[in-house]
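Step one of this worksheet: look at the structure below.
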Amino acid sequence: MTARIGVVTFPGSLDDRDTQRAISVAGAEPVSLWHKDKDLKQVDAVVLCGGFSYGDYLRAGAIARFSPVMDTVIEQAKAGLPVLGICNGFQILTEAHLLPGGMLGNDHLHFICRDQKLRVENADTAWTTDYTAGQEIHIPLKNMDGRYVADRRTLDELEAEGRVAFRYLDVNPNGSLNDIAGITNAAGNVVGLMPHPEHAVESLIGTGRTDGLPFFTSILKKLVNA
């Protein structure tokens, strides 16, 4: 049986096709999902891709969070459906309260686009088991509102519970607290990060490395072995 992974397209999404390609490269079947459709087409996992949903009006991800598809995503994520939020998808996950904290504008007030060094902090989530804790990887980063913030209590809980999934190394590109690049929920089925692993799955493009591919092979293995 081939694992089926849905990729949601919102108005303003721009990395849905890249994400579908990454899923195919990993060996799973990508399934297109439209933001107005509550039906997830019986997919085994969902990716909320990068872009500028609804033009980032109000706040990045604030309008997309109320799209009809998100009602089903939220319900099923709470029941254990694996969900990955990449960049704008991460912003949507915080707005939907599937992940704690929020995203603000970069502290330098500029859009940033660069290859970013990260450290894997948690290799036990549904999306990270093909990494090892402490592994250093390079993933493309591109955002305007990528500064992760949370109150001190939330930050302390994330750190104490091992829920920081990825941390920026060498340079903090956007002012994120505790150098946080990505986090997970307590159950480990919902993960969000600002860098773009879908742009690092083939050596011909992106960073010239395949450091992002384990996101997609991790979930594939989990689903096949479930």
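Among residues other than Thr184 whose Cβ falls under 10 Å from its Cβ, what is the net charge (Lys/Arg +1, Asp/Glu -1)?
With Lys, Arg at +1 and Asp, Glu at -1, the neighbours total -2.
Report for the chain the percent antiparallel among DSSP-assigned beta bridges with both residues inside it, nearest 5.
Roughly 55 percent of the DSSP beta bridges within the chain come out antiparallel.
Assuming 0.36 nm per residue, please report the length gained on full extension of the stretch Thr210 to His97 beyond their Cα-Cα distance.
37.6 nm
First select every other residue whose beta carbon is under 11 angstrom from the beta carbon of Glu198; then total the charges, Lys and Arg +1, Asp and Glu -1.
Computed value for this residue: -2.
Kindly list the residues of segment 32-48 that lie in the label zone of Val224, defined by a backbone N under 20 Å from the point 7 Å along the Cα-to-C-beta vector.
Hits in segment 32-48 for Val224 at 20 Å: 43-47.
Restricting attention to segment 66-125, which chymotrypsin sites (Phe, Trp or Tyr not before Pro) occupy a DSSP loop and are surrounded by at most 16 other Cβ atoms within 10 Å?
Numbers: sites: Phe66, Phe90, Phe111; in loops: Phe111.
Here the sparse-neighbourhood loop sites are Phe111.
The chain: longest stretch without exposed trypsin sites (Lys or Arg not before Pro) (DSSP loop, at most 16 other Cβ within 10 Å), sites themselves excluded?
No qualifying site falls inside 60-208, the longest such stretch.
Where a ≥ b ≥ c are the square roots of the eigenvalues of the C-alpha gyration tensor, would you call the chain rounded, which needs a/c under 1.5, or, failing that, prolate if a/b is larger than b/c, or oblate?
rounded
Taking a probe of 1.4 Å, how large is the accessible area per residue of segment 4-225, in Å²?
Heavy-atom accessible area per residue stands at 41 Å².
For the chain, modelled as a GNM with alpha-carbon contacts under 10 angstrom, which of Ala60, Ala28, Ala133 fluctuates the most?
Comparing Ala60, Ala28, Ala133 in the GNM, the peak value goes to Ala133.
Run down the lysines and flag those whose C-alpha is under 24 Å from the C-alpha of Lys38, throwing out any fewer than 8 positions away in its chain.
Of all the lysines, those that pass the test against Lys38 - Cα under 24 Å, at least 8 places apart if same chain - are Lys78.
Which one of Asp179, Asp44, Asp170 has the biggest mean-square fluctuation once the chain is modelled by GNM with Cα springs under 10 Å?
Asp170
Would you mind computing, in nm to one decimal, how far apart the modelled labels at Glu75 and Ala133 are, each placed 7 Å from Cα along Cα→Cβ?
3.6
In the Gaussian network model of the chain, springs joining C-alpha atoms below 10 Å, which of Gly51, Gly85, Gly208 carries the largest mean-square fluctuation?
Gly208
Along the charge dipole of the chain, pointing to its positive end and built from +1/-1 on Cβ of Lys, Arg, Asp and Glu, which listed residue (Ala133, Val43, Gly102) has its Cα farthest out?
Farthest towards the positive end: Val43.
For the chain, which whole-number percentage of the solvent-accessible area (1.4 Å probe, protein heavy atoms only) is attributable to carbon and sulfur atoms?
Looking at the chain in its full context, I get 50 percent from C and S.
Please report the net charge: other residues with Cβ closer than 12 Å to the Cβ of Lys117, K and R +1, D and E -1.
That sum, taken over residues with Cβ under 12 Å, equals -1.
Going by Cα centres, segment 120-149 and segment 197-219 are how many Å apart?
Answer, in whole Å: 12.
Taking the alpha-carbon distance from Lys41 and a cut-off under 19 Å, which aspartates and glutamates remain once sequence neighbours fewer than 8 residues away in the same chain are dropped?
Those aspartates and glutamates meeting the cut-off are Asp16, Glu29, Asp71, Glu75.
The values are calculated or read from the model by the stated rules, or taken from the named source; none is laboratory data. If you're wondering where the values come from, they're calculated on a predicted model, not measured in any experiment. So basically every Cβ, Gly included, is an ideal-geometry build from the backbone, and we count neighbours across all protein chains shown. With ligands, DNA and RNA removed, areas are computed over all heavy atoms of the protein, side chains included. Shrake-Rupley method; radii C 1.70, N 1.55, O 1.52, S 1.80 Å.
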